[in-house]
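Note sheet for the following structure.
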Amino acid sequence: MIPPGLWLIMLTVLFQGGSMAGNYPASAIPESLLQDANVVYRVNNMHVVVEGPGSFVLKREIVVTILNENGKGHDILVMPYDMHSSVRLHSGEIYDARGNQVRRIRRRDLEDTSNFQSFSLYEDNRVMYFEPRISTYPYTVKYVYETSFSRGLFHALSFFPHMGYDRGVEKAKLSVEFPEDMEIFYRLANHDTEPQQGQRNTKTLTWQFDNLKPLPREYLSPGFREVAPGVLFSTDRFEYDSYAGNNHSWQEFGQWIWQLNKGRDQLPHDRVAFLQDMVKDMEDDREKTKAIYEFMQARTRYVNIALGIGGFQPFDATTTDRTGYGDCKALTNYTMAMLKAVGIPSHYTLVHAGVGRYRYVQEDFPVSQFNHAILCVPLENDTVWLECTETFAPFGHLGDSSDDRPVLLITEEGGKLTRTPAYHQDENVIASSATLKVDGNGHGTAHVNFAMGGVHFPDYAHLERWDSNRQKQWLLQQVKLPNYNVTDFYIVNEVTDSPRTLISLEAELRSIATVSDTRLMMPLTIFSTGGFNAPRIRNRQTPFELKYPTLYTDTLYVEIPTGYTPESIQADYDFESDFAVFSSRISVEGNAVIYTRRLETFGGLFDAEQYGEFFRFMQSVARADRQGVVFVRE
């Protein structure tokens, strides 16, 4: 006789589809997690076991359903390791849409390769990985693995259950287990859920996240961590190789870095003598600093050093001087050593580099999240910040990867948190100035100048170093005109305290104006620089970000064609909002129609509810940009 309970199970299975359902059928995903999703994490668990100041284990269980082709890539297992860590795959399975297992993933299925990067010289990083080759959707992949580290946790680990935009989460859990005599420092990101605490022989903090709807990647969405719930955490103290330190304060963490770097700023006597002779006739420390910075740029090149403690400790200055290469730490330390040789103090500085906002380096959360080193030179009337890895970076120009963010100065007294300067709207300029001649057939010639500065300068500075053929191809792709030919051009960087890339071109334009029996009609925004093709988004889910305040200015001089006179001059426009200010003007002066356009955008993070207002403002700008001028035959 079949037990009654088994009858019930069998009937339920038959009712749900006629055959035994697997562990992770895609049909079991809640509908609310599918909207805007390419991926759904059925399980996303991280368990960290801190064994002591000098070691920890990171355990991961991930079950991810790939819904469509856009979700590919999130199913790849990646397990990096080095000589101070080891990885172990406990299990891996692939399931079809019904949740039936179609394959097991074993250790022999993994690729094991060097994680060497093209700009690295010394690196002990390797990676084990597995990439499913499946093109039928949906399917599910499950991985359970762990990584054991024989070094302490001196930097912040993070757990963000979504792991990116356009991904839903059914169940996720972070648990951190640590000894009685240690503490965990943590910072909550975009939520206020405090952990559950458990205590047996060790202490445990646990966060549970269930049924998290996807965060859609929308137009002007900010960095993922600006909006996603998560946790950043680390230990109160650590040991890294033979170096012990703690995270009780930025001062104490900075003292640990100081000890790593101590004594590594010594240069050979002949180099010191050379430098002192090089600057002996210079009048002030700024001029000397600039000379030494440019000397460093001319004789060194960047390579990554990620071998042992060298991943965090710079090569000594004598080695860098002899070899002529180094990573950000080595080149920053080398420049600091050369300035010291001529009597100019400076500070090795740690920064979380990258384009856009990063807000988790905070005064009351003294846990390292830094990934780059720069140099701070406090002069009498100014502070100069030096990016030491960029061969062609102008003196004192950080660019958009290190500007306007908290940084940690490393001094003998310890770490001091400060902030790099921001680039303001009057520096972040993209401008055009053009003179246009049109004949009675609607064809014309143009002379156009562009200038890009501030945070936009690094986006264009490299063009100067390209050959002319490549430069011309770039111009043809960037200047959006239907039918034209560039007859002459040049691209040059103007290197001053506010560097700019300057582009000048001569062009022949065909049919730039529409011709009727007695009239010529032509647009006025053909060379305009600032435009936002903002899409309409109803019920926007995420905030939107204008990364930097920018000033876009355009001036167009149109010579009145021989035998014609302006017939229609449209009205001026002025718009204001919380996001930007726009104005345009048209006038006739002598034998020319002059059109000027100005768009000032304000940097900032704005609420999703404000996007409708932003869209309407940009629609008004777009309508103003459609204006033109009409010439009538005399």
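The values are calculated or read from the model by the stated rules, or taken from the named source; none is laboratory data. Predicted, not measured: the structure shown is a model, and the values here were computed from it. When we count neighbours, we look across all protein chains shown, and the Cβ atoms used for this are built from the backbone with ideal geometry, even at glycine. The protein model used for the area step is the full one, side chains on, heavy atoms only, and it has no ligands, DNA or RNA in it. Shrake-Rupley method; radii C 1.70, N 1.55, O 1.52, S 1.80 Å.
For region 404-411, check the following and say yes or no: at least one residue is of a type in the set (Ser, Thr, Tyr), surrounded by fewer than 20 Cβ atoms within 10 Å (Cβ to Cβ) and under 19 Å from Tyr334 (Cβ atoms). Talk me through it step by step, then tell me what you get.
Keep residues of region 404-411 that are of a type in the set (Ser, Thr, Tyr), which gives 411.
Cutting the leftovers down to surrounded by fewer than 20 Cβ atoms within 10 Å (Cβ to Cβ) gives us 411.
Of the ones still in play, those that are also under 19 Å from Tyr334 (Cβ atoms) are 411.
Within region 404-411, one or more residues are of a type in the set (Ser, Thr, Tyr), surrounded by fewer than 20 Cβ atoms within 10 Å (Cβ to Cβ) and under 19 Å from Tyr334 (Cβ atoms).
Name the one entry in Ser584, Ser577 that is touching a helix residue (DSSP H, G or I) at 6+ places or on another chain (Cβ under 6 Å), closer than 15 Å to Ile526 by Cα and open to solvent by less than 40 Å² (accessible area, probe 1.4 Å).
On the way: Ser577 fails: closer than 15 Å to Ile526 by Cα.
Matching residue, one of Ser584, Ser577: Ser584.
Out of all the residues in region 331-341, is one or more within 20 Å of Trp258 (Cα to Cα), at pLDDT below 95 and either of a type outside the set (A, V, I, L, M, F, W, C) or over 25 Å from the mean Cα position of the chain (by Cα) (or both)?
Taking region 331-341 as the starting set, the residues that turn out to be within 20 Å of Trp258 (Cα to Cα) are 331-341.
Restricting the remaining residues to those that are at pLDDT below 95 gives none.
No.
In region 2-20, the count of residues that are more than 24 Å from Gly164 (Cβ to Cβ), modelled with pLDDT of 95 or more, open to solvent by 40 Å² or more (accessible area, probe 1.4 Å) and not β-branched (Val, Ile, Thr) is zero. Tell me whether region 544-556 contains one or more residues that are surrounded by fewer than 15 Cβ atoms within 10 Å (Cβ to Cβ) and either within 26 Å of Lys472 (Cα to Cα) or modelled with pLDDT under 95 (or both). Scanning region 544-556 turns up no residue that is surrounded by fewer than 15 Cβ atoms within 10 Å (Cβ to Cβ) and either within 26 Å of Lys472 (Cα to Cα) or modelled with pLDDT under 95 (or both). Note on region 507-533: residues that are surrounded by fewer than 19 Cβ atoms within 10 Å (Cβ to Cβ) and small (Gly, Ala, Ser) total 3. Residue-level check: of (1) without any contact (Cβ under 8 Å) to a residue 24 or more places away in the chain; (2) in a strand (DSSP E or B), Val593 misses just (1).
Which residue out of Leu475, Leu481 is within 26 Å of the chain's Cα centre (by Cα), without any contact (Cβ under 8 Å) to a residue 60 or more places away in the chain and farther than 22 Å from Asp426 by Cα?
On the way: Leu481 fails: within 26 Å of the chain's Cα centre (by Cα).
Only one candidate qualifies: Leu475.
Among the residues making up region 321-332, those that are part of a helix (DSSP H, G or I) and surrounded by fewer than 24 Cβ atoms within 10 Å (Cβ to Cβ) are Asp321, Arg322, Thr323, Cys328. Applying the set (1) at pLDDT below 95; (2) over 29 Å from Val227 (Cα atoms) to Gln541 leaves exactly one unmet item: (2). Meeting the requirement of 2 or more residues that are farther than 26 Å from Val629 by Cα and of a type outside the set (A, V, I, L, M), the strands (runs of 3 or more DSSP E) wholly within region 465-562 are 484-494, 500-509, 544-546.
Can you spot a residue in region 194-206 that is in contact (Cβ under 8 Å) with a residue 24 or more places away in the chain, in a strand (DSSP E or B) and of a type in the set (A, V, I, L, M, F, W, C)? Yes; the residues of region 194-206 include at least one that is in contact (Cβ under 8 Å) with a residue 24 or more places away in the chain, in a strand (DSSP E or B) and of a type in the set (A, V, I, L, M, F, W, C). Among the residues of region 380-393, none qualifies, meaning not one is closer than 20 Å to Glu252 by Cβ and either of a type in the set (Val, Ile, Thr) or surrounded by fewer than 23 Cβ atoms within 10 Å (Cβ to Cβ) (or both).
Residues in region 563-577 that are at pLDDT 95 or above and not in a strand (DSSP E or B): Ser577 alone. Residues in region 338-351 that are closer than 17 Å to Lys290 by Cβ, open to solvent by less than 10 Å² (accessible area, probe 1.4 Å) and not in a loop (DSSP other than H, G, I, E, B): Met338, Leu339. Picking from residues in region 486-495 that are over 26 Å from the mean Cα position of the chain (by Cα) and open to solvent by 70 Å² or more (accessible area, probe 1.4 Å), the one that is nearest to Val455 (Cα to Cα) is Tyr490. Residues in region 546-573 that are of a type in the set (Val, Ile, Thr) and under 46 Å from the mean Cα position of the chain (by Cα): Thr550, Thr553, Thr555, Val558, Ile569. Of all the listed residues (Gln199, Gln276), the sole one being exposed (fewer than 15 other Cβ atoms within 10 Å of the Cβ), over 28 Å from the mean Cα position of the chain (by Cα) and modelled with pLDDT of 95 or more is Gln276. Considering only residues that are surrounded by fewer than 16 Cβ atoms within 10 Å (Cβ to Cβ) and not charged (D, E, K, R), look in region 224-248 and name the one that is modelled with the lowest pLDDT. Residue satisfying both the conditions and the ranking: Ser242. Six or more apart or on different chains, Cβ under 6 Å: which pairs go from a residue in region 501-515 that's under 30 Å from Pro394 (Cα atoms) to one that's open to solvent by less than 70 Å² (accessible area, probe 1.4 Å) and acidic (Asp, Glu)? Could you list them? The qualifying pairs are Leu502/Glu494.
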